[in-house]
Every structure is written in structure tokens, then in C-alpha cells.
1. Where the second residue is among the aliphatic types (A, V, I, L, M) and the first is touching a residue at least 12 places away in the same chain (Cβ under 8 Å) and lies in segment 21-35, which pairs have Cβ atoms under 6 Å and are six or more apart or on separate chains?
2. With the checklist (1) closer than 19 Å to D73 by Cβ; (2) not in a loop (DSSP other than H, G, I, E, B) in hand, flag the one item G168 doesn't pass.
3. Just need a number here: residues in segment 99-111 that are of a type in the set (A, V, I, L, M, F, W, C) and surrounded by fewer than 24 Cβ atoms within 10 Å (Cβ to Cβ).
4. Take I114 and tell me if it is buried (at least 21 other Cβ atoms within 10 Å of the Cβ) and of a type in the set (A, V, I, L, M).
5. Within segment 107-131, work out how many residues are within 15 Å of the chain's Cα centre (by Cα) and over 23 Å from D73 (Cβ atoms).
6. Would you please list the contacts, defined by Cβ atoms under 6 Å and residues six or more apart or on different chains, that run from a residue in segment 87-109 that is modelled with pLDDT under 80 to a residue that is among the hydroxyl-bearing types (S, T, Y) and surrounded by 14 or more Cβ atoms within 10 Å (Cβ to Cβ)?
Amino acid sequence: MSQDPRHVPHRLHSALQMATGLLDLPLTGPQLEALALELMGPVRALIAEAVDQADGDSPVRYAVAPASGSVEDYEVSEYAGCTTRVALDADMDSPAGTAAFKCRRQPDCKDVAIHDAHTATVTVEPGSMDSWRWWLVQFGIDPTTVTADGAVSVATGTHSGATVRLRGIGIQVLASATRLQSYIAPAAR
């Protein structure tokens, strides 16, 4: 059937004319035209229902995007605002996959990359220094080992038997705001 919906009445009229001819039904041209017009609403509803059901059955498509390897090396998905990149040879049941699955459910988590069975990178954007400290504890990272790489704080720790590179966005700004608050005296009541 043509993609243009204006052709549906003409195609329906032609199909009815053919059916009445094959069944030798005694319908005249004006009767066939009236029948085609009466059936247009139900036919369009059937078509819309079939198209809607076909769209609901479509498979989920995943994109492949570059991470630290080439474009073809990672499968990309998104969950609750967190982009997950999984190396094609990595298993989600591996230690790195288990760590990533737990991390990507956190609201601060922005990106997770599983490079192999035992290595992952987690990028977070915490809303407070307490949230950043929580991430450090999750990966057993000593706060004194955190380094700054431009605007991103970087540290390496472990989780569920995997080595995890933690990247924190905006940590320096949070630390500065926290230090500034310590100098401001609480307002008198």
C-alpha cells in the first residue's frame, strides 16, 4: 500500500470492486463508493493499530561509540543519564561488569567504561564533597592519592575485584566552595 494516506480510499474502493466482481455481488458503482467511504474509518484504525504494534515490537538499537579503543571495540547504552561503554570482549558478569552495574545506578554517575573483565573507568559529577567522599570510599581510594587532570579529579581504586579509574568532574569547585563556607560564620538568630 502506498505511504500516502490519501491513496487509501482509492485502493480500498479498488479492492472492494475486485472482491464484488469475484464474488459476483450485485453492487453498483455508487454503492461500492458508499461502502468504501463507510469502511475508511475502521480500515484506518486497523492500519494504525498494526503500525503501532509493529513499532512496539522493534528491537532496541545500540550504538557503537569510541572510548579509549577504536569505534568498533565498544557497545554503548544509556541508563538513567549514565552512558555505559562495554568492550565487545568484556562480560557483564565479570568483576568490572559487576562494579559498573552498581555504579551506573547512582545519580552522580555520568559515564562508565568497561575496558576488559578487570578494568573499568567511572566518571561522576557529585553534587557535594560528601558525595565525592562516598565515591572514594566505594573504591577504597585514599583522598591523598587523588590527582587533578585539568578540571577532572582522577584516582584509581578497586571494587568487586576490578581495578576502577574514578574520574570526578567539578571536584575543585566543590572543594573551594566547602572551604569558603568554613570561613563564613553562621547567621545569628
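1. Pairs found: L32/L16; L35/L16.
2. (1)
3. Within segment 99-111, the subset of a type in the set (A, V, I, L, M, F, W, C) is 99-101, 103, 109.
Going one step further and asking which of them are surrounded by fewer than 24 Cβ atoms within 10 Å (Cβ to Cβ), we end up with 101, 109.
Adding up the residues that qualify gives 2.
4. Details: buried (at least 21 other Cβ atoms within 10 Å of the Cβ): yes; of a type in the set (A, V, I, L, M): yes.
So I114 passes the test.
5. 1
6. R104/T84
The values are calculated or read from the model by the stated rules, or taken from the named source; none is laboratory data. Computed from a predicted model, the values in this text were never measured in an experiment. Here the Cβ is made from the backbone with ideal geometry for all residues, glycine too, and neighbour counts use every protein chain on show.
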